[in-house]
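Student: Please see the structure below; I have some questions.
The values are calculated or read from the model by the stated rules, or taken from the named source; none is laboratory data. From a predicted model like this one, the values you see are computed outputs, not experimental measurements. Every residue, glycine among them, receives a Cβ derived from its backbone with ideal geometry; neighbour counts consider all protein chains shown.
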Amino acid sequence: APHLARDAQGRLMLEGCDLDALARQHGTPLYVYSSASIAGALAAYQRGLAGQPHLLCYAVKANSNLGVLRLLAGLGAGFDIVSRGELERVLTVTGGDASRVVFSGVGKTAQDMQRALEVGVACFNVESEAELELLAQVAAGCGHVAPVSLRINPHVDPKTHPYISTGLKSNKFGIAHDRALAVYQRASQLPGLRVVGIDCHIGSQITQSDPFLEALDRLLDLVDALAQAGIAIHHVDIGGGLGIQYADETPPAADALLRQVIERLHARGHGSKSLWLEPGRSLVGNAGVLLTQVQYVKPGETKNFCIVDAAMNDLLRPALYEAWMQITECVAPPASAPRQRMDVVGPVCESGDWLGRERDLAVQAGDTLAVLSAGAYGMVMASNYNTRARAAEVLVKGDGHRVVRRREQLADLWAHELPLE
Ligand code: LLP
């Protein structure tokens, strides 16, 4: 991960901040994010997009902390949202400006649509014919015209984990490629709608360029067919999905991928179209770590366990996807310290509650461990299972840092409950 390195004493630093010291100051579990990494990741996209009309919409679901959103808004990013909650978060950091927001998701309610129309989102990425009809009704009902794009299911294999593949025919997402023309024709006739674009999102943690280029080709086939039918498309949104390095993956750099995408767009005669994107993980994933303290080292009959104070409720990816995320000591142990192979597990009462398996670590109770590449789909997927308070979050910049979310207090966890007398 960029901006993560050990100093001469072997202490793990994120930018100029000592992670072990942050853990001791703010307690654990603690999420820590690097503003320089986020800015650097965004800059790679911006380099790749230079000279091409575009809109980059950060997928808020990857990490929706207001500190992170404010940083990205300040650097010129737009936002891809999938709920009214995410919309309200974005409005908080943009001062109410929704003009760079796209609204995705298969289950938008009439209420969601109403609010998004009121604040003036840039585009609704519509995922079904029924949604299109409802959107037209809601828009006409409140005197607005809804800018729409249809999310096409391009039936491209992203070659990633099945839980995070979204562009196959068997997925719940998008409108079938075969139906697209008919649905666009309907959209262009419905009052209350204005066709502006076309979009897709084929999956996440994609580590090759080909699936993106294939998906783009499938979209451009439709753009051509639509032009024949007299329906003009102004922007092509290729979604998010670019992967990051967790272990030995070698995803293309964002600027290199974009050069290929833009070259294809031009080669097919659509160079003047605006290119829209919805990256999430690749902007924030490698910018974050989850810090956790070792509670016990427990030798087992067949394996050893390192029991830490973070659990599946804090970081669900290992339990849910068997995701491998690197775990390392925040203070490098002396070279002579014996390493033991162990499973790093949390305190939650589930066998699936692990953060890493068969890791060679030299640790004792009280030490701080860092789970790397935890900036995306970490805190946002946290829960209160086992009545555990969610972690605090810190954003570092140089050798300074800010708490961008306070640790939940236990009483927060039942504040909305209504016990019977
Ligand atoms: N656009 C849409 C419509 C999406 O559904 C997603 C992610 C994105 C953009 C951003 O994709 P990204 O660039 O982050 O890959 N929780 C899973 C990942 C789920 C992704 C869902 N959709 C994980 O932890 O691996």
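Student: Going by the structure shown, is ASP199 free of Cβ contacts under 8 Å to residues at least 60 places away in the same chain and charged (D, E, K, R)?
Tutor: no
Student: Please count how many residues of segment 225-239 are touching an Asp or Glu at 6+ places or on another chain (Cβ under 6 Å) and in a loop (DSSP other than H, G, I, E, B).
Tutor: So the count comes out to 1.
Student: With VAL93, VAL68 as the choices, which residue is away from the ligand (no atom under 16 Å from the Cβ), touching a residue at least 24 places away in the same chain (Cβ under 8 Å), part of a helix (DSSP H, G or I) and on the phi < 0 side of the Ramachandran plot? Give the derivation first.
Tutor: Details: VAL68 fails: away from the ligand (no atom under 16 Å from the Cβ).
One residue alone meets the criteria, VAL93.
Student: For segment 261-302, name all the residues that are assigned to a strand (DSSP E or B), within 15 Å of the ligand (Cβ to nearest atom) and in contact with a His (Cβ under 8 Å, 6 or more places away or on another chain).
Tutor: LEU275, TRP276, LEU277
Student: Need pairs with beta-carbon distance below 7 Å; first residue closer than 18 Å to SER282 by Cβ and within segment 370-396, second modelled with pLDDT under 95 and away from the ligand (no atom under 12 Å from the Cβ); sequence gap 6+ or separate chains.
Tutor: Pairs found: LEU372/ALA1; SER373/ALA1.
Student: So which residues in segment 203-217 are under 14 Å from the mean Cα position of the chain (by Cα) and more than 12 Å from LEU257 (Cβ to Cβ)? So that I can check it myself, show each step before the final result.
Tutor: In the first step, residues of segment 203-217 are kept if they are under 14 Å from the mean Cα position of the chain (by Cα); the result is 203-206.
Within segment 203-217, GLY203, SER204, GLN205 meet the criteria.
Student: Let me ask you something else. Across segment 247-260, what is the total count of residues that are part of a loop (DSSP other than H, G, I, E, B) and either more than 13 Å from the ligand (Cβ to nearest atom) or buried (at least 21 other Cβ atoms within 10 Å of the Cβ) (or both)?
Tutor: Going through segment 247-260 one residue at a time, the tally reaches 5.
Student: For segment 320-345, which positions are more than 18 Å from the chain's Cα centre (by Cα) and not in a loop (DSSP other than H, G, I, E, B)?
Tutor: Correct list: ILE327, THR328, GLU329, VAL331, GLN340, ARG341, MET342, ASP343, VAL344, VAL345.
Student: Given (1) touching a Phe, Trp or Tyr at 6+ places or on another chain (Cβ under 6 Å); (2) surrounded by fewer than 20 Cβ atoms within 10 Å (Cβ to Cβ), identify the lone condition not met by GLN208.
Tutor: (1)
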